[in-house]
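Okay, so here's the structure we're looking at.
The values are calculated or read from the model by the stated rules, or taken from the named source; none is laboratory data. Since the structure is predicted, the reported quantities are computational estimates derived from the model, not experimental observations. Cβ sites come from the backbone with ideal geometry, for glycine too, and all protein chains shown count toward neighbours. For the accessible areas, the whole protein counts, side chains as well, though only heavy atoms, and no ligand, DNA or RNA atoms are used. Shrake-Rupley method; radii C 1.70, N 1.55, O 1.52, S 1.80 Å.
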2 protein chains.
Amino acid sequence: MTDPDALAAFVEALGDIPVLLDPALVKQRSQDFFWFSPVLKRQLNDMTAELVVCPRTRDEVTHTMAAAWRCGINVTPRGGGTGNHGQAVPLRGGAVLDLSRLDRIVWVRDGMMRVEAGAKLIDLDKILRERGWELRMFPSTKRTATIGGFVAGGSDGIGSITWGGLRDAGNVIAAQVVTAEAPPRVLELRGSETDLINHAYGTTGIVTELELPLAPAMQWRDIVVAFPDFMQAARFCLVLAACPGIDLKLVTTIDSTIVPSLEVLRELVAVGESLALLMVAPSGMTTLAELVSAHGGQIVLDADTLKSEITSGSVPLYEFTWNHTTLQMLTQDRTVTYLRSLFPAADPLALVERMRTLFGDELPMHLEFLRVGGALTCAGLQIVRFTTEDRLAEIISIHEQNGVSISNPHVYTIENGSGHKRLPVNQMGFKHEVDPLGILNPGKMRDFVPVRAPAENAE
Amino acid sequence: MTDPDALAAFVEALGDIPVLLDPALVKQRSQDFFWFSPVLKRQLNDMTAELVVCPRTRDEVTHTMAAAWRCGINVTPRGGGTGNHGQAVPLRGGAVLDLSRLDRIVWVRDGMMRVEAGAKLIDLDKILRERGWELRMFPSTKRTATIGGFVAGGSDGIGSITWGGLRDAGNVIAAQVVTAEAPPRVLELRGSETDLINHAYGTTGIVTELELPLAPAMQWRDIVVAFPDFMQAARFCLVLAACPGIDLKLVTTIDSTIVPSLEVLRELVAVGESLALLMVAPSGMTTLAELVSAHGGQIVLDADTLKSEITSGSVPLYEFTWNHTTLQMLTQDRTVTYLRSLFPAADPLALVERMRTLFGDELPMHLEFLRVGGALTCAGLQIVRFTTEDRLAEIISIHEQNGVSISNPHVYTIENGSGHKRLPVNQMGFKHEVDPLGILNPGKMRDFVPVRAPAENAE
Ligand SMILES: Cc1cc2nc3c(=O)[nH]c(=O)nc-3n(C[C@H](O)[C@H](O)[C@H](O)COP(=O)(O)OP(=O)(O)OC[C@H]3O[C@@H](n4cnc5c(N)ncnc54)[C@H](O)[C@@H]3O)c2cc1C
Ligand SMILES: Cc1cc2nc3c(=O)[nH]c(=O)nc-3n(C[C@H](O)[C@H](O)[C@H](O)COP(=O)(O)OP(=O)(O)OC[C@H]3O[C@@H](n4cnc5c(N)ncnc54)[C@H](O)[C@@H]3O)c2cc1C
């Protein structure tokens, strides 16, 4: 609990910057989708901020940060609040900084855009498309997530089959960052400097603007292919994904045991069939049809992605992929959870098959094909039929022993959630510079210890 | 020599289809760039057709083929005549079929185009660009080559770093083919059926139309980076080429010993420096600059590709790459020739280094990075300081013994020129169907034996 006097002084200092104080509303904006994990649900369910600040401009962000420093208030930034790791859940009270009103497009040119961090992905993509461009990649939460939240809390998604992840060099060109200092600075990070805020959960500064490369707009087709066997579907997906001649935005394999939980899709296929869910450019359809039949599959859906996205009542295929597969499953069965694994690029499917043999229906398999540092492989967002936390830990360690890397989605610190169990680049050193008191999303950077406590600083 | 009466009957039958009979002109249109190879120069220099037929429509092509069948006239199709293997050189007289007047665009839509085979690549790209598209890939002879000649006689080029080669699934959608039968048929080959005419040197039918997927147009930058050392430049190129976040159209490494032969470029660098020649999208420039300095290079040229292409007197960077590197070298030293090698995707640079050690300045190294069947690797278009044909054969076999695949550019048959020394798919069976007399570019499909000789058929 923050000192009430400090809070009052903070609210006072905010002037006419909009603030929410209603506890129910504040609690709501203190949560994200951490409840996908039974472990995080136990740990984070009761966490809440004490107020929400809703700046409308970068100057208001700077003003807020100056006030937070003076009053010793913790600040947890928030975009759409769709993270799965409790990234946006304040562990030590204070303020949620809701950035969703910073949603302007600064410019679009030369295959790049510069936008404010709170812009929603779906809105960006709509405007970009009018100019012949589209987002290179987006999470399956495109309809609700912000670009700032994606860069600060996400990693990859639809589009990563071609463009790799947000961490791949070139996918973030620049970031404007407001620091937690007195007075706050406005920094422009360029190129690899943006790694300092990339997937840092907002612990290393408030991102106010982003410059990102774009992809040329395509008329994507949503394609569903049914296969009698999961491994057959997976092999097809790997072969397809390796075709440089076919423009792809999405290549997903879904186990037959998951299919009954997928509304609409389940009606298209026979019991026991596994699925490939694809987004393919029209120019790839001839070759796709050949590959499908060579692999013993059958195209059971061919629709226009954009149409499905904008038509009410219809669902674009990508909302069955990435972590939306888990969401679809959770709407039917609240006991399941998921894993996030990465199979090695050298023969990924051999290990996929091995894991399937080891775990059977305890881990219904769901693969997302993607490029990682230039190499083609697949990530597993396996469904886990959860029993106990011990068994979950055991499942994770069996994967790691077998050479499958795990980005653990059942922990809330950056370090514990990363495949390498440590911070990338020099995020720690940077945090010491830009947030010496540790008021930014405290507790999320596991190994960070502030030099002074915020209280010592409070007026 | 074709029987004069048969020839006369053929000309008669052509009616008002334009024909060239002037021996000097006919000789000129019977040649291509085979003289890059001292071996082919010896073998092909005196070969010539007896006339050139210049149809303006597909109907005139069909008419010509019907007449050729009746009169027993050999027919060698020709686009721009820029092949390096003597592909378009008639080995047994007869007619050259010049397709360059079939140059209409049938349609452009949905990221695809359907065009007549004789359209020049530079013209296509110009029109496509107005509509927001561009060719996925083109040979460095873009200014003079035709799309039909590229598909029938070429393999890959600028753009293959992203899209792979013409043989990669999805890069040719359909081909319309006129056969050498009585009466000639007009076939529509779709998807992988197009492999039957792909790189078949026109031996399996006259391609009259092609349907190809396109790439969205980009404002490419021509970038030259200088490095103190060749292997340093090559390592940089491999790292760059593996970045999914950077849009690339060209990644070339050129040995320092070649640089003095490259007009303009040689003035940009110090003696002994090796070069990376790149085409990069504007959105990749920030990351590129970082990669360059991390690898100890220096950007010495940054220009607009399109501007260089259309400004008279200026040369787009791609005209220093692929086989244009050899051409540039040949303008200075008529004794050199070249190789076409493919390094294995697993650690290609180890073998590059080994070959450099083995051959030193006898084979100045020149690498083109590209995707082959989804994997990233590099092809060598090494310059060869030619001494004897025996030594050339030895150089080739040393490469093959070391696991470097060679597509021999010193032979004129499809089989001998391929990396696998055999025909792909069922080109032979298809030829038996569509050219039973073997009048299409005779002698180029090494193992083909016609069931009847054309003479037995002549009226
Ligand atoms: C069903 C489902 C599917 C998902 N699919 C994917 C997927 O495909 N790929 C993927 O990567 N993720 C996925 N996610 C996770 C999440 O939706 C995305 O990462 C999303 O981009 C987060 O954006 P957001 O605006 O909701 O961020 P939030 O959840 O609001 O924030 C995420 C993190 O970033 C910080 N943050 C937010 N804005 C800023 C800012 N301006 N400056 C500094 N820090 C900031 C927050 O403090 C928090 O730590 C999925 C989640 C769900 C529930
Ligand atoms: C300096 C230089 C650089 C080069 N760089 C490259 C490169 O980067 N990549 C590459 O792949 N090649 C390259 N080449 C080879 C050649 O330029 C290309 O392959 C080019 O695309 C050939 O097109 P063209 O119209 O000149 O074909 P041509 O030389 O006229 O014909 C090539 C072959 O195709 C046949 N043919 C032509 N048109 C048809 C048709 N309509 N139907 C059936 N058969 C037909 C001909 O009979 C011949 O066998 C290069 C050559 C030179 C001299």
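Restricting segment A:414-439 to residues that are within 17 Å of A:GLY83 (Cα to Cα) and buried (at least 22 other Cβ atoms within 10 Å of the Cβ), the residue that is modelled with the lowest pLDDT is A:GLY417. For segment A:1-36, residues that are without any contact (Cβ under 8 Å) to a residue 24 or more places away in the chain and farther than 22 Å from A:TYR201 by Cα total 7. Within segment A:125-148, the set of residues being of a type outside the set (S, T, N, Q), more than 14 Å from every other protein chain (Cβ to nearest Cβ) and farther than 13 Å from A:SER100 by Cβ comprises A:ASP125, A:LYS126, A:ILE127, A:PHE138, A:PRO139, A:LYS142, A:ARG143.
Can you tell me which residue within segment A:145-179, out of those that are among the aliphatic types (A, V, I, L, M) and within 16 Å of A:PRO424 (Cα to Cα), is farthest from the chain's Cα centre (by Cα)? Looking at the filtered set, the residue picked out is A:ALA169. Restricting attention to segment A:114-130, and to residues there that are touching a residue at least 60 places away in the same chain (Cβ under 8 Å) and outside any strand (DSSP E or B), which single residue is nearest to ligand 1 (Cβ to nearest atom)? My answer is A:ALA117. Touching a helix residue (DSSP H, G or I) at 6+ places or on another chain (Cβ under 8 Å) and more than 25 Å from B:ALA182 (Cβ to Cβ), is that true of B:GLY72? No; evaluated as a whole, the condition is false for this residue. Picking from residues in segment A:132-148 that are among the small types (Gly, Ala, Ser) and more than 24 Å from A:CYS54 (Cα to Cα), the one that is surrounded by the most Cβ atoms within 10 Å (Cβ to Cβ) is A:SER140. Residue count for segment A:261-283 satisfying the condition of being away from chain B (no Cβ under 14 Å) and within 17 Å of A:ALA242 (Cβ to Cβ): 1.
The criterion of at least 3 residues that are farther than 23 Å from B:ASP156 by Cα is met by the following strands (runs of 3 or more DSSP E) wholly inside segment B:38-113: B:51-53, B:95-98, B:105-109.
Residue pairs, Cβ under 6 Å, 6 or more apart or interchain, first in segment B:39-56 and hydroxyl-bearing (Ser, Thr, Tyr), second at pLDDT 95 or above. List them. So the pair list comes out as B:THR48/B:LYS27; B:THR48/B:SER30. If the condition is being away from chain B (no Cβ under 14 Å) and either open to solvent by 10 Å² or more (accessible area, probe 1.4 Å) or within 16 Å of ligand 2 (Cβ to nearest atom) (or both), then segment A:110-124 contributes A:GLU116, A:LYS120, A:ILE122, A:ASP123. Select, from B:ARG129, B:ARG104, the only residue that is surrounded by fewer than 18 Cβ atoms within 10 Å (Cβ to Cβ) and within 30 Å of B:PRO442 (Cα to Cα). From the options B:ARG129, B:ARG104, the qualifying one is B:ARG104. Of the residues making up segment A:154-169, those that are surrounded by 23 or more Cβ atoms within 10 Å (Cβ to Cβ) and within 12 Å of another protein chain (Cβ to nearest Cβ) are A:ASP156, A:GLY159, A:SER160, A:ILE161, A:TRP163, A:GLY164, A:LEU166, A:ASP168, A:ALA169. Listed by position, the strands (runs of 3 or more DSSP E) contained in segment A:334-403 that have at least 3 residues being open to solvent by less than 40 Å² (accessible area, probe 1.4 Å) are A:336-338, A:366-372, A:375-380. Given the condition away from ligand 2 (no atom under 16 Å from the Cβ), of a type in the set (A, V, I, L, M, F, W, C), away from chain B (no Cβ under 14 Å) and under 20 Å from the mean Cα position of the chain (by Cα), answer yes or no: does some residue in segment A:59-77 qualify? For segment A:59-77, residues away from ligand 2 (no atom under 16 Å from the Cβ), of a type in the set (A, V, I, L, M, F, W, C), away from chain B (no Cβ under 14 Å) and under 20 Å from the mean Cα position of the chain (by Cα): absent.
Every residue, every condition in (1) assigned to a helix (DSSP H, G or I); (2) within 14 Å of chain B (Cβ to nearest Cβ), yes or no:
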| residue | (1), (2) |
| --- | --- |
| A:MET285 | yes, yes |
| A:GLY296 | no, no |
| A:ALA303 | no, no |
| A:SER308 | yes, no |
| A:VAL315 | no, no |
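Is it fair to say B:VAL151 is part of a loop (DSSP other than H, G, I, E, B) and either open to solvent by 10 Å² or more (accessible area, probe 1.4 Å) or within 14 Å of chain A (Cβ to nearest Cβ) (or both)? No: the conditions fail for B:VAL151. Scanning segment B:175-189 for residues that are part of a strand (DSSP E or B) and of a type outside the set (D, E, K, R), we see that the one that is most open to solvent (accessible area, probe 1.4 Å) is B:VAL186.
If you check B:VAL172 against the conditions, is it open to solvent by less than 50 Å² (accessible area, probe 1.4 Å), within 14 Å of chain A (Cβ to nearest Cβ) and assigned to a helix (DSSP H, G or I)? In short, no. Picking from residues in segment A:178-204 that are more than 14 Å from every other protein chain (Cβ to nearest Cβ) and in contact with an Asp or Glu (Cβ under 8 Å, 6 or more places away or on another chain), the one that is farthest from ligand 1 (Cβ to nearest atom) is A:GLU181.
Restricting segment A:324-333 to residues that are open to solvent by 20 Å² or more (accessible area, probe 1.4 Å) and part of a helix (DSSP H, G or I), which is farthest from A:GLY83 (Cα to Cα)? Among those residues, the one meeting the criterion is A:GLN328. You will find that of B:ASP168, B:ASP98, B:ASP103, the residue that is in contact with a Cys (Cβ under 9 Å, 6 or more places away or on another chain), more than 8 Å from ligand 2 (Cβ to nearest atom) and either under 19 Å from B:THR62 (Cβ atoms) or in the same structural domain as B:THR57 (by TED's automatic domain parsing) (or both) is B:ASP98 and no other. Residues that are away from ligand 2 (no atom under 16 Å from the Cβ), away from chain B (no Cβ under 13 Å) and under 30 Å from B:LEU214 (Cα atoms) number at least 3 in the following strands (runs of 3 or more DSSP E) confined to segment A:205-256: A:221-227, A:248-254.
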